[in-house]
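Asker: I am attaching a structure below and will ask some questions about it afterwards.
The values are calculated or read from the model by the stated rules, or taken from the named source; none is laboratory data. Because the structure is a prediction, the values reported are computed rather than measured. Here the Cβ positions follow ideal geometry from the backbone for every residue, glycine too, while neighbour counts run over all protein chains shown. We work out accessible area using only protein heavy atoms, side chains counted, and drop any ligands, DNA or RNA first. Shrake-Rupley method; radii C 1.70, N 1.55, O 1.52, S 1.80 Å.
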Amino acid sequence: MKERTPLIAGNWKMHHGGQSGFALASELVAAVGGLDDVDVVIAPPFTVLAAIGTETENTRVELAAQNAHAKLEGAFTGEISCGMLVEAGCKWVILGHSERRQLFGDTNDGVREKVQAAMAAGLRPIVCIGETLAQREAGETMEVVLGQLDAVTDLISVKAGTAAVAYEPVWAIGTGRVAGPEQAQEVHAAIRGRLAEHKASLGAQTRILYGGSVKPENAAGLLECEDIDGALVGGASLKVDSFVKIVQIAREGAERSSAN
Ligand code: PGA
């Protein structure tokens, strides 16, 4: 039986930053209202966070941002601090997403600073880690993934279970190429093992999400793996139907697991 509540998070990326985002969030709040036993998070663009924050307040849907700056405030044109995200209604923040690492220069050290800032502000980080295709083919998957994890492990162990980790193989993001359940489970088990080496409760309580082309068609196989506690969903989170289906699949899995 899995003891961790499944977590399904939707990463909207640079989509639905206005009225359509507000509408999508409202529909989701209504659709997942009765689906207990699963934690549901959405990460819309900055521009609609505050508006959606009023809509999701006191509902089962929690709000995340897709990035944050590590400093509290100051002359950082175009940046948003963790304190601002809390004010907008965020409970979570996605940090170290591979698109940030690849396109915007986020490094392990930079992600570490952001995780520190998020935890200090009371935001729960979803720390993304994952290897590129070239790294996988060179046999470097574990080294890369565990190296990215090691950069934040001591920080997230201060309050075990507060942060989530998302394993997202870069080659599976937005490509339709999903890692097979055995492939994903192998890396998830290694991540959990590394967390447990640091502190047993960190290994036991941290939710490790899989991300990369998760869809209703492949979610069940992934979510039933022992060390996969949820999903970080990109494309399939942009439509109510597909996202809610994934939430339902996670819930059915949780029910089956608690019946065993
Ligand atoms: P995808 O994105 O589901 O569209 O592959 C996942 C992510 O980048 O978080």
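Asker: Could you look through the range 81-103, keep only residues that are open to solvent by 20 Å² or more (accessible area, probe 1.4 Å) and in contact with a strand residue (DSSP E or B) (Cβ under 6 Å, 6 or more places away or on another chain), and pick out the one that is nearest to the ligand (Cβ to nearest atom)?
Answerer: K91
Asker: Still on this structure, please answer the following. Could you list, in sequence order, the residues of the range 11-39 that are touching a residue at least 24 places away in the same chain (Cβ under 8 Å), open to solvent by 40 Å² or more (accessible area, probe 1.4 Å) and more than 13 Å from R60 (Cβ to Cβ)?
Answerer: The answer is K13, M14, H15, H16, F22, E27.
Asker: If you don't mind, another one. Take the range 230-260 and flag every residue that is of a type in the set (D, E) and either modelled with pLDDT of 95 or more or within 18 Å of A64 (Cα to Cα) (or both).
Answerer: Taking the range 230-260 and keeping what is of a type in the set (D, E), we get 241, 252, 255.
Of everything in the range 230-260, just one residue is of a type in the set (D, E) and either modelled with pLDDT of 95 or more or within 18 Å of A64 (Cα to Cα) (or both), namely D241.
Each row is one residue, and each column tells you yes or no for (1) within 23 Å of V214 (Cβ to Cβ); (2) open to solvent by less than 20 Å² (accessible area, probe 1.4 Å).
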{"residue": "R124", "(1), (2)": "yes, no"}
{"residue": "L155", "(1), (2)": "no, no"}
{"residue": "P169", "(1), (2)": "yes, yes"}
{"residue": "G176", "(1), (2)": "yes, no"}
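Asker: If you scan the range 216-229, which residues turn out to be within 17 Å of S257 (Cα to Cα) and either open to solvent by 20 Å² or more (accessible area, probe 1.4 Å) or away from the ligand (no atom under 12 Å from the Cβ) (or both)?
Answerer: Kept after step one, since they are within 17 Å of S257 (Cα to Cα), are these residues of the range 216-229: 219-229.
Listed by number, the residues that qualify are A220, G221, L223, E224, C225, E226, D227, I228, D229.
Asker: Now, a different point. Could you tell me whether any residue of the range 175-190 is closer than 30 Å to S81 by Cα, among the β-branched types (V, I, T) and in contact with a helix residue (DSSP H, G or I) (Cβ under 6 Å, 6 or more places away or on another chain)?
Answerer: No, the range 175-190 contains no residue that is closer than 30 Å to S81 by Cα, among the β-branched types (V, I, T) and in contact with a helix residue (DSSP H, G or I) (Cβ under 6 Å, 6 or more places away or on another chain).
Asker: So if I check each of R207, R256, which one is surrounded by 18 or more Cβ atoms within 10 Å (Cβ to Cβ) and among the basic types (K, R)?
Answerer: Details: R256 fails: surrounded by 18 or more Cβ atoms within 10 Å (Cβ to Cβ).
Answer to the selection: R207.
Asker: Scan the range 128-150 and tell me whether some residue there is touching a residue at least 12 places away in the same chain (Cβ under 8 Å), of a type in the set (G, A, S) and within 16 Å of the ligand (Cβ to nearest atom).
Answerer: Yes - at least one qualifying residue is present in the range 128-150.
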